[in-house]
Structure formats: C-alpha cells, structure tokens
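The values are calculated or read from the model by the stated rules, or taken from the named source; none is laboratory data. Not measured: the values here are computed from a predicted model. Don't worry about glycine lacking a Cβ; one is built from the backbone with ideal geometry, like all the others, and counts go over all protein chains shown. Ligands, DNA and RNA are stripped out before the accessible areas are found, and what is left, the full protein with its side chains, is counted by its heavy atoms. Shrake-Rupley method; radii C 1.70, N 1.55, O 1.52, S 1.80 Å.
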Amino acid sequence: MKYALITGASRGLGKAIALRLAKDGFTVIINYQSNKEAAEDTLKQVQEAGGTGELLPFNVADSQAIETALESWATSHPDDYISVLVNNAGIHEDNLMIFMQEDQWNRVLDTTLNGFFYITRRVLKNMLTRRNGRIINMASLSGLKGQPGQTNYSAAKAALIGATKALAQEVAARKVTVNAIAPGFIATDMTKELENDELKKLIPLGRFGKPEEVAALAAFLASDDAAYITGQVISINGGLYT
Ligand code: NAP
C-alpha cells in the first residue's frame, strides 16, 4: 500500500487531488477540519472510482491534534508509512493592512505556515528512514507576486515557498523531494465570489482553472517521473504574470 495524506481534502483542490492520487494507486488519507459530510463524499467518490481511502480529521493549525491523529494512524498501520504529503489546507481572510486584525493575521499564518511545519516534521521522519517521499505544498500566485488586500495570505504563501526551497535541500540526499504549486485563480469555494468576466479578461487563457488541472500537476509531482524535480515552485495560472 502506498499512502498519500492530503490536507483539506473535503473540498476544492484537496478533493480533486485525493481523487486523482487514488486513481493513480495511492490509498488516500483524507484530512479535513469540520466538514465531515463533504469529506465522506470525497471518500465515497474515491471508492466508487475503485480506489481506497480513509478519513483523518484534524485542524492543521493545532500541533497537539496533529500529533494525536498521526500517532493513532501509525498505531493502526504499524507496517505502513505516508510516502506522499500534500500540504493543501488553507484559508484566506482578506483585509487591507490598515484594517487587518491580529486574529486575521494569525489565523492565516497558523493554517498555512504553522500547519506545514507541524505536519511535515511528523511525516518526514519515516520518509527519511525509508529514503522515499514526496512533499507538495500548495502555495499561490499571491505568494509570488503579492496581492493587495491579502498581506497575511501573501506572506504565508511566500513563507511556504521559502520553506519548500530550504527543506528540499535538507532532504534531497534521502530521496525526498519537496515542491510547491502556485495556482492562480481556480474554481473552488474559495474563489466562487470572484469568478466574473472582468477578472477572466485579465487571465490570458480567459478562464479560471479547474481543480482537476491542479490535481494533474500534483499527481505528476507525486510520481516516480518527477524524481529529479525538487525545490521548485510550479505555477498553474492560465498565463497570469508571475
Ligand atoms: P477551499 O475550497 O476553501 O477548501 C479548503 C479546504 O481546506 C477544505 O477541505 C477545508 O476543510 C480545509 N481546511 C481549511 N482550514 C483547515 C484547517 N485548519 N485544518 C484542516 N483543514 C482545513 O479551498 P481551495 O480553493 O481548494 O484551496 C486549497 C488550497 O489551495 C489552499 O491552500 C489555498 O490557499 C490554495 N490556493 C487556492 C487557489 C484557488 O484559486 N482556489 C489559488 C491559489 C492557492 P473543511 O471542509 O472541513 O472546512
């Protein structure tokens, strides 16, 4: 069994990635925070397509909850390890800096950046021992170019990119690769209020991306074919300037 843990896999990009990795032969561990119904639907779709999966809810910003969940997973899977980790869970709480509240700043950083740290350090141990692993971090165009009204989100994603590059160099000798994906506008719950013709006109390909298109990129990075790619940030944005 090859296991892939995808955080935030109840909806959006994480769901599409879980479905795709299951199709590619991974047993997918579907993480979510609170939306059990949506997570169960992801699992159902995985199984209906002939794949295997399981649910593992925890808040990625809660280090203790992560420890407990991953410890209990390890106990129930004594001979297995997670060989693919997709740090996908993320939120945005947009505000101009001048109005930004401390809790808005902290929640976004806690989820994206601290979440990456808490989960990755725990899952990394076995990848290093087994000399095999793929870590894929969901960054954003905002983390590359900065987005007004999103200083918290842009900072979190830019920091995630820095961490991706540093960790890639730390663990390359053990055949663990670490890469980031930087999507532009992809049609999910996160962007449904933004999808309009004005915005689409700014995108050279003239449309929002589909979650399945991001999932195809994640699947490639998780595959053996991507063994020589590490420390990279791969944009998927319909040609928007990065
Ligand atoms: P989404 O549709 O809002 O889905 C977010 C997912 O993350 C849900 O499964 C949610 O779980 C989970 N989640 C949120 N906070 C969590 C927490 N603290 N612990 C565990 N799970 C948590 O978002 P999306 O558009 O798919 O975005 C996925 C990732 O891609 C994010 O990191 C986002 O920043 C990044 N991204 C998205 C776009 C885009 O255009 N959509 C562009 C660039 C980057 P529940 O269902 O339980 O709430």
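Please determine whether any residue of the stretch 201-213 is in contact with a strand residue (DSSP E or B) (Cβ under 8 Å, 6 or more places away or on another chain), surrounded by 12 or more Cβ atoms within 10 Å (Cβ to Cβ) and in a helix (DSSP H, G or I). The answer is yes, given that some residue of the stretch 201-213 is in contact with a strand residue (DSSP E or B) (Cβ under 8 Å, 6 or more places away or on another chain), surrounded by 12 or more Cβ atoms within 10 Å (Cβ to Cβ) and in a helix (DSSP H, G or I). Out of all the residues in the stretch 157-167, is one or more of a type in the set (D, E, K, R), at pLDDT below 95 and within 9 Å of the ligand (Cβ to nearest atom)? Scanning the stretch 157-167, I find no residue that is of a type in the set (D, E, K, R), at pLDDT below 95 and within 9 Å of the ligand (Cβ to nearest atom), so the answer is no.
Which residue, of 198, 170, 193, is over 22 Å from residue 22 (Cβ atoms), at pLDDT below 95 and part of a helix (DSSP H, G or I)? If you could, list the steps in order and put the result at the bottom.
On the way: 170 fails: at pLDDT below 95; 193 fails: part of a helix (DSSP H, G or I).
Sole residue among the options that is over 22 Å from residue 22 (Cβ atoms), at pLDDT below 95 and part of a helix (DSSP H, G or I): 198.
Checked against the criterion of being open to solvent by 30 Å² or more (accessible area, probe 1.4 Å), assigned to a helix (DSSP H, G or I) and more than 10 Å from the ligand (Cβ to nearest atom), the candidates 128, 124, 70 yield just one match: 128.
For the stretch 39-64: of the residues being within 15 Å of the ligand (Cβ to nearest atom) and assigned to a loop (DSSP other than H, G, I, E, B), which is nearest to the chain's Cα centre (by Cα)? Here the residue is 60. From the list 4, 39, 22, 9, the one residue that fits, being over 20 Å from residue 181 (Cα atoms), surrounded by 23 or more Cβ atoms within 10 Å (Cβ to Cβ) and in contact with a strand residue (DSSP E or B) (Cβ under 8 Å, 6 or more places away or on another chain), is 39.
For the stretch 101-110, indicate whether the set of residues that are in a loop (DSSP other than H, G, I, E, B) and free of Cβ contacts under 8 Å to residues at least 24 places away in the same chain is non-empty.
Residues of the stretch 101-110 that are in a loop (DSSP other than H, G, I, E, B), as a first pass: 101.
Those still in the list that are free of Cβ contacts under 8 Å to residues at least 24 places away in the same chain too: 101.
Yes, because at least one residue in the stretch 101-110 is in a loop (DSSP other than H, G, I, E, B) and free of Cβ contacts under 8 Å to residues at least 24 places away in the same chain.
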